[in-house]
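Please read the structure below before turning to the comments.
The values are calculated or read from the model by the stated rules, or taken from the named source; none is laboratory data. Everything numeric in this text was worked out from a predicted model, so none of it was measured. Note that each Cβ is placed from the backbone with ideal geometry, even for glycine, and that neighbours are counted across all protein chains shown.
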Amino acid sequence: MSMKASEQIFDDSVVYVTKQGTQVRVDEGRIVIWDVDGDEGELGSFPVKKLDTINVFGNINFTTPFVKRANDYGIVLNYFTQNGKYKGSFIPKKNTIAEVRRKQYGITGDEELEIAKSMIKAKIKNSRTFLKRKGVKGLGKIKDIQSRIEESEKMKELRGYEGVATEEYFRLLDGALVGDWAFTKRTKNPPKDHINSLMSLTYVMMKNEVISALRQYNLDPFLGIMHTDRHGRPSLALDLLEEFRPIFCDAFTTRLVNRGTITHDDFKKNNHLKDEKFKTYLEKFDSYMKEEFKHPHFDYKVSKRKSIRMQSVLLRKRITGEMDEYHALKFKR
């Protein structure tokens, strides 16, 4: 089925719908994206059995029969503003298996610390690997902090090490950028410049990938291991996101700007991407998530999207006791 890539993007299991005024409906065994406000008619058509996630941005409507079909087939619906700010989700009934949730709610403090150590060691190692790939020197302090993670006896101590390592990482991040791009300080809520805006957007998009993966494997994204629980905050998703931040998120952001895919002229005054460039961003992000690499633990090729789902499975197996330890995604080089 041919379709306009700038309006929605199809992966084996994930769809993005960005064209304003469209409707998501069902036609027999397929999900159809329909241009209600315009005269283009059908924009895309996808087999219902292959989808697990639909992401909609802005003014997109669903029919009631579609929502019922999504519930029957376990399709998660994620809602965003037109600029990509996450607003909420529809969660099918089948994605809440009680047995897994009971194990998750019953996890002990010692188990949480052990899992968190694996995640943070991977994050710090991945930050070194990313900077090294970009030719950045002077990584000794980050390496030293990484070697001390195992000494942490409490979560507060672990968070302290992670904070220092992250601060040092951001101090060195400017060395990964070329041309007229520069990174001086991490800012958010709201981001103070274009590079921080892109970083925040990519963290949100990757967080959504993690949330979707956790829900596919019946884990509660809002019950954290390292991040404290707070109303409306997907703490477990933020935990799992940590190991992907440097090696996936920051690598993608720097690629966009270093290759000139995104330039300073592509932003509005409020530091959000202009509408057309936001569509370009989504296309590039989806292509990036489809890219394959050799998984360092399993030693075979997987896409980035698949790897996030694999980590969710590994995390669930550790939480339920099927595995003795959690193997975080850690790149050696």
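So which residues in the stretch 173-202 are in a helix (DSSP H, G or I), among the hydrophobic types (A, V, I, L, M, F, W, C) and either over 29 Å from residue 54 (Cβ atoms) or without any contact (Cβ under 8 Å) to a residue 24 or more places away in the chain (or both)? Break it down stepwise before answering.
Initial filter on the stretch 173-202 (in a helix (DSSP H, G or I)): 173-176, 194-202.
From the residues that got through so far, the ones that are among the hydrophobic types (A, V, I, L, M, F, W, C) too are 173, 176, 195, 198-199, 201.
Those that are in a helix (DSSP H, G or I), among the hydrophobic types (A, V, I, L, M, F, W, C) and either over 29 Å from residue 54 (Cβ atoms) or without any contact (Cβ under 8 Å) to a residue 24 or more places away in the chain (or both): 173, 176, 195.
(1) assigned to a loop (DSSP other than H, G, I, E, B); (2) closer than 19 Å to residue 281 by Cα: which one isn't true of residue 39, the others all being true? Of (1) assigned to a loop (DSSP other than H, G, I, E, B); (2) closer than 19 Å to residue 281 by Cα, only one is false for residue 39: (2).
Table: residues versus (1) outside the structural domain of residue 202 (by TED's automatic domain parsing); (2) buried (at least 16 other Cβ atoms within 10 Å of the Cβ); (3) at pLDDT below 95; (4) not hydroxyl-bearing (Ser, Thr, Tyr).
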| residue | (1), (2), (3), (4) |
| --- | --- |
| 262 | no, yes, no, yes |
| 265 | no, no, no, yes |
| 271 | no, yes, yes, yes |
| 276 | no, no, yes, yes |
| 282 | no, yes, yes, yes |
| 288 | no, yes, no, no |
| 299 | no, no, yes, yes |
| 307 | no, yes, yes, no |
| 312 | no, yes, yes, no |
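All conditions but one from (1) without any contact (Cβ under 8 Å) to a residue 12 or more places away in the chain; (2) among the polar types (S, T, N, Q); (3) over 18 Å from residue 109 (Cα atoms) apply to residue 212; the one that does not is (1).
For residue 170, indicate whether it is part of a helix (DSSP H, G or I), of a type in the set (A, V, I, L, M, F, W, C) and surrounded by fewer than 17 Cβ atoms within 10 Å (Cβ to Cβ). Give the derivation first.
Values: part of a helix (DSSP H, G or I): yes; of a type in the set (A, V, I, L, M, F, W, C): yes; surrounded by fewer than 17 Cβ atoms within 10 Å (Cβ to Cβ): yes.
Taking the combined requirement at face value, the residue satisfies it.
I'd like the residue in the stretch 314-333 that is charged (D, E, K, R) and modelled with pLDDT of 90 or more and, out of all such residues, is surrounded by the most Cβ atoms within 10 Å (Cβ to Cβ). Residue satisfying both the conditions and the ranking: 318. Taking the stated definitions as given, is residue 53 modelled with pLDDT under 80, under 23 Å from residue 306 (Cα atoms) and under 23 Å from the mean Cα position of the chain (by Cα)? No; evaluated as a whole, the condition is false for this residue. Of the helices (runs of 4 or more DSSP H) entirely within the stretch 64-164, those holding at least 2 residues that are in contact (Cβ under 8 Å) with a residue 40 or more places away in the chain occupy 64-73, 98-105, 109-133. Looking at the stretch 270-291, is at least one residue free of Cβ contacts under 8 Å to residues at least 12 places away in the same chain, among the acidic types (Asp, Glu) and outside any helix (DSSP H, G or I)? No, the conditions are met nowhere in the stretch 270-291.
Rundown of residues vs (1) crowded, with 19+ Cβ neighbours inside 10 Å; (2) within 30 Å of residue 271 (Cβ to Cβ), yes/no style:
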residue	(1), (2)
81	no, yes
102	no, no
125	yes, no
145	yes, no
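Checked against (1) closer than 26 Å to residue 316 by Cα; (2) at pLDDT below 95; (3) among the acidic types (Asp, Glu), residue 180 meets all criteria but (1).
Would you say residue 258 is touching a residue at least 24 places away in the same chain (Cβ under 8 Å), surrounded by fewer than 19 Cβ atoms within 10 Å (Cβ to Cβ), assigned by TED's automatic domain parsing to the domain that holds residue 110 and closer than 25 Å to residue 135 by Cβ? Considered against the rule, which asks whether it is touching a residue at least 24 places away in the same chain (Cβ under 8 Å), surrounded by fewer than 19 Cβ atoms within 10 Å (Cβ to Cβ), assigned by TED's automatic domain parsing to the domain that holds residue 110 and closer than 25 Å to residue 135 by Cβ, residue 258 comes out as yes.
Quick one: which residue in 205, 226 is more than 26 Å from residue 56 (Cβ to Cβ), in contact with a Leu (Cβ under 9 Å, 6 or more places away or on another chain), in the same structural domain as residue 308 (by TED's automatic domain parsing) and in contact (Cβ under 8 Å) with a residue 60 or more places away in the chain?
On the way: 205 fails: more than 26 Å from residue 56 (Cβ to Cβ).
Just a single option satisfies the conditions, and that option is 226.
Can you go through 52, 72, 110 and tell me which one is on the phi < 0 side of the Ramachandran plot, crowded, with 16+ Cβ neighbours inside 10 Å and either acidic (Asp, Glu) or in contact with a strand residue (DSSP E or B) (Cβ under 9 Å, 6 or more places away or on another chain) (or both)? Before the answer, list the steps.
Working: 72 fails: crowded, with 16+ Cβ neighbours inside 10 Å; 110 fails: crowded, with 16+ Cβ neighbours inside 10 Å.
Matching residue, one of 52, 72, 110: 52.
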